[in-house]
Structure formats: C-alpha cells, structure tokens
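Before any comments, here is the structure.
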Amino acid sequence: MEPRPNDTAYHRPVLLAECLAGLDVQPGGRYVDVTFGGGGHSARLLERLTTGHLYSFDQDADAEAEAARLARPQFTFVRANFRDLAAELRRRDALPVDGILADLGVSSHQFDTPERGFSTRFDGPLDMRMDTDGGPTAADVLNEYKEADLHRIFGMYGEVTNARTLAATVAQARRGRPLATIQELKTAIQSVMPRGKENKYLAQVFQALRIEVNQEMDALQEMLLQTADVLLPGGRLVVLSYHSLEDRLAKNFIGKGKFFGEVEKDFFGHETKPFTALNRRPDEASAEEVALNSRARSAKLRVAVRN
C-alpha cells in the first residue's frame, strides 16, 4: 500500500484496510474518528467520501496541527476528548452518524517525541499527557500519589507482577527528591526490574502511568456508552485496542451492552443489548504488517453493528 500524507513517519495506521471494511464506508455517510492521532485512518476514510462528512476528535495540539493538512468541506476536526462525543456532535448538528472508529493507541508521533514522555527509549520529562494544556503529569502521579494508590495503578493498569514492591521503591526514591525525568524513574526502579525483561517491564510501568494520567479507562467507558445513542440502527462501531484492559471493555460492551455482569433481558427473556458483534474473535495484524510496524503486534480489532 503506497504511503499517503498521513501514513508516513508521523503515524502509520494499524489494520487500516480492516478498519475501513468494518466501517462499511458509504460515500454519503457521516462518520466519526474519535482518535485522530496522526490522521492515517481519517485520511483514508475521507478519500471514500463524496457528499458525506467526517468528524475527527483529538485533544492533542499536535494532532490538531496535523489535521490542518486534511482541510476540506467534508472534514471537521474537533479538539476534544472522546468522552464528550455526543455533546460535541450535538453542538454541530451532526447526529446521528453511520460509523464510529476508535483507534485507542498512542500515535507514533507521540511515542517519537522525547518531550512528551511517552517512550522509554528517550530521556525527557515525565509528562504523558494527551492534552498538554493542563492536568496532572506522570511526575505528579509518581511524586504525589499515596503508595497504596501507586500499587493499585501499577497492578491494575500495567499488570505489573511485583506492583507492591514497585510502589514501595518509587515511594522510597521520591523521598530524596521528586522524580522529574524518564531516566530518573528508570534508575530509581532498576533494582526491581526482572533481568532480561527490562524493556517489557518498563512498557508496563509506562502504560500504567499513561492510563492514569489521561484517565483512559473512564473516558473509554463513557465514550462507548454514548455510541448506542450516536449511531443509526445498522451503523458500525469499530474499536482497535492495544492491551487487554481496553479489549475487555470493548468485548464486554459489544457482547452485553455493559462492562460488568451478565447481559440484561426483557420480560420475555430476550437479550436487550445495543450491538451485535460482526467478528466473534478480534482481528489481528498479519506477520507482514507487524514486520513493517511493530506497534501492530498487540492490536485487536472488534467490529459491531447497531441493533
């Protein structure tokens, strides 16, 4: 597949063909990309529209600047968190829609920009905010959270096996002086990292911090709950996730209409849920795609239709 303006070094979209097929894009339809990122998915989706319209959400200022490259009458960029999906579309008289795409990964550009603090490959400030205009940073979490809360987020969001020991180590390290940079954090926790698995361990720690900083799980649940009201009957919901926590929420919501517990039933015993899954097992990237883009290795794609 030949490169496009938003399909290069800034961001290489994952499972692109599968996402577009899942959306079943109609030229005159109305679609939402709730995670513009580097714009790879949005750019290709726009190519398929004639009288239709695409609304792309992102809270990142860098994404807003990148979106300017796609300026055309069929495209609207919305600088907002996707937890405000329904309200922002309502403000633009853009309800209902035919399809929603949610690519839940961090963009390549964010990972490759040291000062954003998302990557373990560079030294830089412990930031990790998707919206750099405000809110707590990863440094704030590490330095100000109680040890018990650090234990919780490392275990829950990073699935770190020695989360309690890690939290205690961070709490001890910050007593000397606050942790401010990626290298300072790496040095502080070096003693508790498993030998030979340091990179995977750091990735889990950074994932936990990023999720907490951006309140990603809460925002994802809020957004998914709104999709049933935003989509037309027959509309498509496409969710591309990169770790088990996100995939579990998407799977449960699509399968049961809720995140926990069993599917609800009406008086006659019929299941009452807003979506029907179109792929019983999530689609995954091919070996060829993973060879070109290592970020695709953990991707899982779920597609559903609005009942």
| query | Listed here are the pairs Lys273/Lys300; Lys146/Lys200; Lys186/Lys256; Lys200/Lys273; Lys197/Lys300; Lys200/Lys251; which of them are more than 29 Å apart at the Cα? | reply | Lys186/Lys256; Lys200/Lys273
| Furthest towards positive pole of dipole, His243, Val34, Ala17, structure part the chain, Cβ charges | His243
| task | Indicate the gyration tensor shape class of the chain (rounded, prolate or oblate), computed on the Cα atoms with a ≥ b ≥ c the square roots of the eigenvalues: a/c under 1.5 is rounded; otherwise a/b larger than b/c is prolate and the rest oblate. | result | prolate
| request: Mind running the shape call on segment 122-214? Use the C-alpha gyration tensor, a ≥ b ≥ c as the square roots of the eigenvalues: rounded below 1.5 for a/c, prolate if a/b tops b/c, oblate otherwise. | output: rounded
| request: Report the label-to-label distance for Glu284 and Asp218 in nanometres (one decimal), using points 7 Å from each Cα along the Cα→Cβ vector. | output: 3.3
| field | Additional length obtainable on full extension of the chain from Glu198 to Arg175, 0.36 nm per residue less Cα span | value | 5.9 nm
| note | Probe 1.4 Å, all chains present, heavy atoms only: His270 accessible area in Å², nearest 10, is 110
| query | So, with +1 on the Cβ of K and R and -1 on the Cβ of D and E, and no other charges, what is the size of the charge dipole of segment 28-76 about its Cα centre, to the nearest 20 debye? | reply | 340
| said: Please give me the summed charge of the neighbours of Asn214: other residues whose Cβ is under 10 Å from its Cβ, Lys and Arg +1, Asp and Glu -1. | reply: -2
| query | About its Cα centre, what dipole magnitude does the chain give when the only charges are +1 on Lys and Arg Cβ and -1 on Asp and Glu Cβ, stated in debye to the nearest 20? | reply | 600
| note | In terms of the alpha carbon gyration tensor, root eigenvalues a ≥ b ≥ c, rounded if a/c is under 1.5 and otherwise prolate when a/b exceeds b/c or oblate, segment 214-265 is oblate
| task | Using a 1.4 Å probe and counting only protein heavy atoms, arrange Arg210, Arg280 so the residue with the most accessible area comes first. | result | Arg280, Arg210
| query | Once you charge only the Cβ atoms, +1 for Lys and Arg and -1 for Asp and Glu, what is the size of the charge dipole of segment 122-214 about its Cα centre, to the nearest 20 debye? | reply | 460
| said: Counting pairwise Cα distances across segment 199-295, what percent come out greater than 24 angstrom? | reply: 35
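The values are calculated or read from the model by the stated rules, or taken from the named source; none is laboratory data. Owing to the predicted nature of the structure, the values given are computational and were not obtained by experimental measurement. Every residue, glycine among them, receives a Cβ derived from its backbone with ideal geometry; neighbour counts consider all protein chains shown. Side chains included, ligands, DNA and RNA excluded: accessible areas come from the protein's heavy atoms. Shrake-Rupley method; radii C 1.70, N 1.55, O 1.52, S 1.80 Å.
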